[in-house]
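I have placed the structure first, in the form of structure tokens, so that the comments after it can refer back to it.
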Amino acid sequence: MDDASAVELLDNGTVEPETPSCGPKDVPPQELSSNDPDVLRAALVREHDAYRRAECLAKMQTEVVQLALDLLVREPDIESFFGGLTRTMVEESDSHVCGVWLMDDDEKRCDLWMAYVADRLYLRRHGGLDGLAFPHESLGKHLLGYAPGWTETIEYECDDARLPDAVREFHREGGIHGMVIAPLLLGTRTLGWIKLSSRGIPPCKDAQWWRIELIEAIARQAALALHHNRLVERSRLEERRKAILEERNRLARDIHDNLAQGFGAILMQLQAAQREIGTPSLPFAQKLETAVDLARTHMIEARRSVGTLRPNVGDGEEISTSLKRIADLAQLTTSVPIDINLEALPRVGDSVEREIVGIAQEALTNAVRHARARRISVRASTVRSIGLRLSVADDGRGFARDRSSAGFGMTSMQERAERIGASLTIVTAPRGGTEVVLAWEPSSLPTQVHVAG
């Protein structure tokens, strides 16, 4: 049998092609040069089938890329984009569920983000996943702990021994014959996983091969879109932060150039009037002294507001120098002694230092204005050479438990600590004084507020 006859037999359907495994295989050269008609026919059949499969793969991948581009245009937000992908997965692969799990930045937790079940999309926000019976937390822990799944697409049978007991039980009760899970890979980094599961009769081998290729093609586009969205979100947050800083700087300039200098000029005029009047009547002297006190007080408050709006660490200024500077400025506004004990602290970046100085300034302001203290202390020390601990304490009146989170100053300190991932602890009690403790390390604990009883 010559080559043309073998191909004709294949095209006419006379010879059934072998079912290849995942992906086309090259035909060994010795088979193509064989004089045995049966060997040559089998080789040509495999080659033709491999070619058709490769052609199918290329077409499918092209369609997936086109789908991703269309969704990016129609659905600019990332949730809608992934919703469209998961819906397409369910509809095109004749599946029942498509779910997406995402990891946090520390790669220590994996949570179900969304799931398309039958004909409905469930989202994590606003508790949208609460109605799902699937044990997604158990599967999330499995995805984190199963190393091969971080880089490879994994097929699971219904009662697969690798799966947690809760997932296997759900599969048995729900009639799930198995699932395919593909990692969302970006280079060597895994962002999460996408899962496809089906009910009913298991698919044939060819259908399962096609389903695996489809989920991998979708996963590649999904990982790129997710990465791009995160980059855009970070850029947007950075632009917002810059806009806020610019607005704060503008307000600080306006207060400094208008209010602070205006009160300063009024104070100078009042003090000059005091010197020139000589010995005025007692009521007039009292009113004049009150005006001087008011002008001085509001000038100090205006300057403090400028400092609060712009607690920036100066160019090249050590953080310990900045803390001493704001403590010295606070001392000018009070007769309460302020003890300062500062070690040489590590540089931790302008953005982190800015927030730390802002927290110290707010804590000092609260102590000076509200504590009615006899003594205030500011302490700062290094933690394991890479972090720092800051303490602002007073022996004043403290405040009650139900006021622990009240006031803009307290909220501002908490927000600053959250922005840099620091641990903020506030220990206070009525007539027991107050201590604000900030601990920052590259892997600090979440912000917390503790009020001693």
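The values are calculated or read from the model by the stated rules, or taken from the named source; none is laboratory data. What you see is a predicted model, and the numbers here were worked out from it, not measured in a lab. FYI the Cβ positions are ideal-geometry reconstructions off the backbone, even for glycines, and counts take in every protein chain you see.
Numerical summary
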{"item": "Residue match in the range 82-90 (condition: at negative phi, in a strand (DSSP E or B) and either assigned by TED's automatic domain parsing to the domain that holds Ala166 or touching a strand residue (DSSP E or B) at 6+ places or on another chain (Cβ under 7 Å) (or both))", "result": "no"}
{"item": "Residue match in the range 298-313 (condition: of a type in the set (D, E, K, R), in contact (Cβ under 8 Å) with a residue 60 or more places away in the chain, outside any helix (DSSP H, G or I) and not assigned by TED's automatic domain parsing to the domain that holds Glu79)", "result": "yes"}
{"item": "Residue match in the range 86-100 (condition: within 16 Å of Leu129 (Cα to Cα), of a type in the set (A, V, I, L, M), crowded, with 21+ Cβ neighbours inside 10 Å and in contact (Cβ under 8 Å) with a residue 12 or more places away in the chain)", "result": "yes"}
{"item": "Residue in the range 65-81 that is modelled with the lowest pLDDT, counting only those that are surrounded by 11 or more Cβ atoms within 10 Å (Cβ to Cβ) and of a type in the set (D, E, K, R)", "result": "Glu75"}
{"item": "Given (1) assigned to a helix (DSSP H, G or I); (2) crowded, with 20+ Cβ neighbours inside 10 Å; (3) at pLDDT 85 or above, number of the condition Ala330 does not satisfy", "result": "(3)"}
{"item": "Scope the range 130-165; condition among the hydroxyl-bearing types (Ser, Thr, Tyr) and either crowded, with 17+ Cβ neighbours inside 10 Å or assigned to a helix (DSSP H, G or I) (or both); matching residues", "result": "Ser138, Thr153, Tyr156"}
{"item": "Residue check for Thr382: surrounded by fewer than 18 Cβ atoms within 10 Å (Cβ to Cβ), in a loop (DSSP other than H, G, I, E, B) and of a type outside the set (A, V, I, L, M)", "result": "no"}
{"item": "Conditions (1) closer than 18 Å to Leu364 by Cα; (2) buried (at least 20 other Cβ atoms within 10 Å of the Cβ); (3) at pLDDT 80 or above; number of the one not met by Phe399", "result": "(3)"}
{"item": "The range 333-378, residues that are acidic (Asp, Glu) and part of a loop (DSSP other than H, G, I, E, B)", "result": "Glu343"}
